[in-house]
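Accompanying notes for the structure given below.
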């Protein structure tokens with residue numbers, strides 16, 4: 001993933017004074033205090049790509065923003081592994097930080113990306129369940 005170099009190739013990059021990135025990783029403990037073993041990510045890929053592109057395009061229209069990229073990975077991931085990258089480039093850090101946070105919140109709520117969490121129970125068994133982040137995902 002060469003997001004930074006891609007951002008530098010943007011025709012408007014000369015207006016950039018700040019770039020910020022967010023890297024989402026698989027957390028080793030869930031909100032219930034259970035030990036997470038791995039995470040499986042699936043998506044309605046065409047729709048997810050369409051929505052991620054739409055999010056980036058709309059955020060690029062904000063004042064002072066030059067580039068926005070969201071790259072979400074799919075498959076099985078162990079604790080500590082990267083699962084999503086978000087980059088925002090803009091004229092000033094204030095603009096960049098605000099849009100970075102908005103990009104993260106929006107992809108979590110809007111993109112049809114589904115997470116199946118595998119945790120180890122108190123009895124040492126592996127338990128799997130789908131977890132939800134927003135309206136784009138569903139809990140089963």
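For the reader, a short list of remarks on this structure follows.
- Matching label, Kirkwood radius over Cα pairs in Å computed from the structure shown, candidates (1) 14.7; (2) 15.1; (3) 16.0: (3)
- Extension gain, residue 27 back to residue 13 (0.36 nm per residue minus Cα-Cα distance, nm): 1.7 nm
- Contour excess over end-to-end distance, with Cα ends at residue 98 and residue 71 and 0.36 nm allotted per residue: 7.9 nm
- In the chain, helical runs assigned H by DSSP with n ≥ 4 each contribute -39500 (n - 2.57); averaged across all residues and rounded to the nearest 500, the mean residue ellipticity at 222 nm is -9000 deg cm²/dmol.
- The long axis of helix 93-110 is offset from the longest Cα principal axis of the chain by roughly 40 degrees.
- Zone residues, the stretch 13-46, relative to residue 116, backbone N less than 15 Å from point 7 Å out along Cα-to-Cβ: 37-44
- Computed E for residue 4/residue 125 - FRET, C-beta separation, R0 41 angstrom, nearest 0.05: 0.45
- Between residue 37 and residue 105, the C-beta separation translates, for a Förster distance of 30 Å, into a calculated FRET efficiency of about 0.65.
- Between 32, 78, 49, the Gaussian network model of the chain with springs among Cα atoms under 10 angstrom shows the greatest mean-square fluctuation at 32.
Every number here is computed from the coordinates shown, using simple stated rules; none is lab data. Since this is a predicted model, take the numbers as computed values, not measurements. FYI the Cβ positions are ideal-geometry reconstructions off the backbone, even for glycines, and counts take in every protein chain you see.
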